[in-house]
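Chemist: Sharing a structure here in structure tokens format.
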Amino acid sequence: MAITGSSGLVGSALTALLTSGGHRVIRLVRRAPAGDGERRWDPEDPDPGLLHGTSALVHLAGAPIAGRFTTAHKHSIRASRITPTRRLAELAAATPGGPAVMVTASAIGYYGPHRGDELLTEDSPRGHGFLAGVVAGWEAASAPASDAGLRVVCVRTGIVQSPRGGTLRLLWPLAEVGADGRLGAGHQWVSWIGIDDLTDIYYRALTDDTLAGPVNATAPHPVRNADYARILAHVLRRPLQLPVPGLGPRFLLGQEGASELAEADQRVSPRRLLRDGHRFRHPELEPTIRHLLGRAHPGSENSQWSDRLDLTGQAEGVALLARRTIQRRASSQVSVAKDAGFELARGCPQHAFQQCADARRAAYMRLHGAPPGSAAACRTGRSVSRGSGWPPQRRPTSLGCRGGGGISRLAWVPGGPPRTGDVTAGGEVRN
């Protein structure tokens with residue numbers, strides 16, 4: 001599969017999803033290729049052999065929309081989308097044995113910025129405004145591919161929720177200091193989508209032969225701006241938030257930019273996906289934000305660990321905490337901060353400490369329960385070595401450390417200390 005914009009917020013997440021699923025991803029880049037997994041792409045004049053040997057094309061590249069709507073910025077938004085999309089669609093149509101499907105990014109800006117309480121579906125008419133015109137031209141630019149018989153899907157994306165970028169990364173630190181209240185009266189609708197659900201939609205667009213045309217990529221339950229601010233503050237336990245006057249966004253983005261972006265009022269429904277039985281991982285906003293920021297629900301058994309191990313925002317503002325509880329003697333609670341590479345496990349007998357470092361970042365794992373002298377080091381994809389000193393009749397049977405994104409587990413069964421040749425998730429266990 002060929003992908004443009006693979007280094008962006010959506011592209012990096014989608015590339016990870018596809019490669020982990022066994023698909024070969026070819027990144028179309030504008031610089032010199034770094035290896036066999038990349039091909040150089042000139043948006044204005046792509047190489048005739050660019051798409052040879054590919055079965056699908058995902059087009060995500062485009063200049064960022066956020067910013068003051070100056071003449072130069074508006075030209076960049078339009079020029080980086082319409083012409084490159086048309087050139088790729090023409091190339092896909094003309095490539096023998098090339099892609100059978102083209103999935104291109106689009107946006108709910110198609111419906112215009114001020115639609116009020118009107119429920120917007122894929123069949124709703126185009127709205128007015130600069131972005132509505134850009135998106136209409138963007139989608140129309142893929143016509144050469146559909147005219148040649150390719151299945152074309154235009155993913156009209158809502159407000160993407162991710163700690164790595166977009167509005168959540170911008171608003172999260174503001175909410176931490178109490179500066180992210182409602183915008184103006186707060187009545188405007190926010191049609192949002194979690195990054196995990198968005199990549200699922202792209203995956204479905206690539207693999208579902210019945211899906212074609214525009215598809216609204218938004219969660220089933222949009223919220224009003226005031227509710228979004230309240231939910232984010234509640235998740236972060238910062239209930240007192242100062243309202244944001246309308247003058248602020250106008251000062252930063254200009255009158256047109258504020259109207260098209262910050263003050264946009266669009267109540268969008270993913271009717272096509274719901275009709276086809278698509279299941280969203282996170283259809284509600286609060287569980288989505290808790291999942292993305294690693295904030296357990298108050299009163300849950302993991303909330304104390306969320307408080308103690310919350311690493312989000314300390315490095316790049318990117319952390320994904322996962323938790324799992326193993327019953328009885330094998331009880332082990334693991335929290336994973338995906339990009340920080342942090343792992344903590346509890347549950348063995350007393351006084352064990354293991355430091356685990358992968359090839360990219362240092363990761364730390366604490367194991368309570370083995371006697372002194374059992375400290376060991378673990379490297380991802382290699383072997384797990386352990387010293388002597390494990391309690392009689394107890395030995396580890398499953399231990400893994402994976403690149404800062406996996407979950408390490410510890411199980412204890414009778415059998416004495418580790419033996420040469422024991423295989424674990426991290427490799428071979430050696431005395």
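None of the figures in this text is laboratory data; all of them are computed from the coordinates on show. Bear in mind the structure is a predicted one, so any value in this text is a computation, not a measurement. Please note: Cβ atoms are built from the backbone with ideal geometry, for glycine as well, and neighbour counts cover all protein chains shown.
Chemist: Can you give the extra length, in nm with one decimal, that the chain gains between residue 140 and residue 212 once fully stretched, where that is 0.36 nm per residue apart less the Cα-Cα distance?
Modeler: 24.6 nm
Chemist: Which GluC sites (Glu not before Pro) does segment 202-295 hold that lie in a coil by DSSP with at most 15 other beta carbons within 10 Å?
Modeler: 284
Chemist: Roughly how far apart, in whole Å, are the Cα centres of segment 75-109 and segment 6-51?
Modeler: Centre-to-centre distance over Cα atoms comes out at 14 Å.
Chemist: Filter the trypsin sites (Lys or Arg not before Pro) in segment 8-38 down to the DSSP loop ones having no more than 11 other Cβ atoms within 10 Å, then list what survives.
Modeler: Taking segment 8-38 and a limit of 11 other Cβ atoms within 10 Å, the loop trypsin sites (Lys or Arg not before Pro) found are 30, 31.
Chemist: A follow-up question, please. What trypsin sites (Lys or Arg not before Pro) does segment 244-291 have in DSSP loop regions with at most 16 other beta carbons within 10 Å?
Modeler: Sites meeting the loop and neighbour criteria: 279, 281.
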